[in-house]
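Attaching a single structure in structure tokens format; questions to follow.
The values are calculated or read from the model by the stated rules, or taken from the named source; none is laboratory data. Quick caveat, the model's predicted, so the values are computed rather than measured. All Cβ positions, even for glycine, are placed from backbone atoms using ideal geometry, and neighbour counts span all protein chains on display. The accessibility values were calculated without ligands, DNA or RNA, using every heavy atom of the protein model including side chains. Shrake-Rupley method; radii C 1.70, N 1.55, O 1.52, S 1.80 Å.
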Amino acid sequence: MSKPAMTMNAFQIAIQQFDEAARILKLSPDQVVMIKEPRRMTEVNLPVRMDDGSIQIFKGFRCQHSIARGPAKGGIRFHPDVSANEVKALAFWMTYKCAVVGVPFGGGKGGVVVDPPSLSTNELERLARRYIAEMADLFGPDMDIPAPDVGTNPQIMAWMMDTYSMHYKHHLPSVITGKPLELGGSEGRNKSTSMGLAICVRELTSHEHIGKPLTESTVAIQGFGNVGSYAGEILENMGAKIVAICDVAGAFYNKEGISMEKALQYMEKNPSKTLKDFEKTGLVSKYDDAAKLLEEDVDILIPAALEAQITKDNADRIKARIIAEGANGPTTPEADTILYEKGVHIIPDILANAGGVTVSYLEWVQNRMGFYWTEERVNQDLETIMVRAFKEVMDTAKEYKIKMRTAAFIVGINRVRKVAEMRGLYA
Ligand code: NAD
């Protein structure tokens, strides 16, 4: 699967989504300027000593879109396609995602232009440490709190937390979330995005009587990393049948269902840590063209890889009646309109994948208390927050007779606008 050419960049897409909601809310120009554009964008060149002794420069970014509702919050992506526009879009979506689920954060995002598998573990560590050291003034438990995203993981968060704590000479776990459990990570964090997504799918298929009951539904998942793989496992436990999965190594299907336990075990044992050659187990067949997975005849489609996978070029061929966006920005605005007109229900990213930031918030709270909850306690809070957010978005969609994406922005914009007005302008 390759990244289809986009007619708009990710930030332009984000702005278009904002404008649609702002029009419905009849926001004044002053209200718009207070909450639309990013507050601060930082770009750095990161020199890293490579294992062969040479020095290589990596481009890094951090965008703080909003700090109106609390400190900026958002992951750090390590990927070759990272760009200023992508980081700004992801930071923008974080602002409204945090507002939709009501956690007291603004929006931020960071990224480094790098292909992590091309670095040794030592090079990766030096890059991660340099990123945080270079921008240490921006970060802090009450200023800006990073987390993992595509290409980063709990070990990288541990190096970053250590660098920051060494820099400021005291132990500060609450500067970063998504840490390993032993270093102040939260129980439930690694599955939280997928759990939140599964809760949204469950609510849509049960409470709203949209589509088939979950226990009779088939599911295709694009991307089998943190979000996609656990979403498959949780939905399978809820009674759905996962019939197609894919990752960077290819796309695979079995109409009778793919055991998530076996797929996860296969990936764990595979030296490449991918689904490469999964078809050789005889458990699945391989699609000739990985993009076909998106067009599979399933009830529920979960894009959980990268942006702009569902476009005007393939939207017409999508057969799923429900799309739950695990990835950020997987559907372009043109595709969104085509699918809405076809009657497809899209649970938008800023709601569907908000479980991750919700448990990041719970991790930050636990770090600040110095007291740690059980997984049951964390999942209970996640359930309460996600069910409430889902209902608020669904009620707004019904009230205005609009798609869930615009409804989610209306819920989020209303919350950000309100606090921006209450706070007013400082100097
Ligand atoms: P990840 O790196 O763990 O997994 C990404 C998956 O997508 C991998 O299976 C990878 O092989 C696959 N992939 C990447 N490029 C691909 C390609 N060109 N074709 C097919 N598959 C490809 O990342 P993740 O944490 O699961 O994040 C996935 C998406 O979810 C991203 O958009 C991310 O921003 C979003 N998201 C993640 C979280 C989180 O908590 N991890 C929270 C909210 C949103």
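Regarding region 351-371, can at least one residue be identified that is closer than 25 Å to residue 253 by Cβ and either among the basic types (Lys, Arg) or within 16 Å of the ligand (Cβ to nearest atom) (or both)?
Within region 351-371, one or more residues are closer than 25 Å to residue 253 by Cβ and either among the basic types (Lys, Arg) or within 16 Å of the ligand (Cβ to nearest atom) (or both).
Being part of a helix (DSSP H, G or I) and surrounded by fewer than 21 Cβ atoms within 10 Å (Cβ to Cβ) is the filter here, so list the residues in region 164-189 that pass it.
165, 166, 167, 168, 181, 182, 183 - these are the residues of region 164-189 that are part of a helix (DSSP H, G or I) and surrounded by fewer than 21 Cβ atoms within 10 Å (Cβ to Cβ).
Output the residues belonging to region 111-133 that are of a type outside the set (Val, Ile, Thr), buried (at least 17 other Cβ atoms within 10 Å of the Cβ) and part of a helix (DSSP H, G or I).
116, 123, 124, 125, 126, 127, 128, 129, 130, 131
Just checking, which of 426, 400, 361 is open to solvent by 40 Å² or more (accessible area, probe 1.4 Å) and modelled with pLDDT under 95?
426
Give me a count of the residues in region 190-242 that are in a helix (DSSP H, G or I), more than 11 Å from the ligand (Cβ to nearest atom) and more than 18 Å from residue 274 (Cβ to Cβ).
Qualifying residue count for the region: 16.
Could you pull out the residue among 133, 147, 158, 89 that is within 12 Å of the ligand (Cβ to nearest atom), of a type in the set (Gly, Ala, Ser) and farther than 26 Å from residue 333 by Cα?
Checking each option against the conditions leaves just 147.
While we're on this one: Looking at 13, 35, which one is open to solvent by less than 30 Å² (accessible area, probe 1.4 Å) and within 20 Å of the chain's Cα centre (by Cα)?
Residue meeting the stated conditions: 13.
Right, something else. Could you list all residues from region 284-305 that are of a type outside the set (Val, Ile, Thr), surrounded by 18 or more Cβ atoms within 10 Å (Cβ to Cβ) and assigned to a loop (DSSP other than H, G, I, E, B)?
Passing the criteria: 287, 296, 299, 304, 305.
Okay, moving on. Would it be correct to say that residue 269 is over 29 Å from residue 204 (Cβ atoms) and of a type in the set (Lys, Arg)?
In short, yes.
Could you figure out which of (1) at pLDDT below 95; (2) open to solvent by 10 Å² or more (accessible area, probe 1.4 Å); (3) within 15 Å of the ligand (Cβ to nearest atom); (4) closer than 30 Å to residue 18 by Cα isn't true of residue 308?
It fails just one condition, (2).
Restrict the check to region 216-239 and report whether at least one residue is farther than 25 Å from residue 122 by Cα, open to solvent by 50 Å² or more (accessible area, probe 1.4 Å) and out of contact with any helix residue (DSSP H, G or I) (no Cβ under 6 Å at 6 or more places or on another chain).
yes
In region 134-163, which residues are open to solvent by 10 Å² or more (accessible area, probe 1.4 Å) and assigned to a loop (DSSP other than H, G, I, E, B)?
Listed by number, the residues that qualify are 137, 138, 141, 142, 143, 149, 150, 151, 152, 153.
Could you tell me which of the residues 108, 75, 60 is over 30 Å from residue 381 (Cα atoms) and open to solvent by less than 10 Å² (accessible area, probe 1.4 Å)?
60
Report, by residue number, each residue of region 243-253 that is surrounded by 22 or more Cβ atoms within 10 Å (Cβ to Cβ), among the small types (Gly, Ala, Ser) and either within 12 Å of the ligand (Cβ to nearest atom) or within 19 Å of residue 355 (Cβ to Cβ) (or both).
251
Just to be sure, is residue 84 under 27 Å from residue 36 (Cα atoms), surrounded by fewer than 22 Cβ atoms within 10 Å (Cβ to Cβ) and of a type in the set (Gly, Ala, Ser)?
Criteria met by residue 84.
Still on this structure, please answer the following. Could you look through region 314-334, keep only residues that are under 17 Å from residue 13 (Cα atoms) and more than 16 Å from the ligand (Cβ to nearest atom), and pick out the one that is most open to solvent (accessible area, probe 1.4 Å)?
Ranking the candidates gives 334 first.
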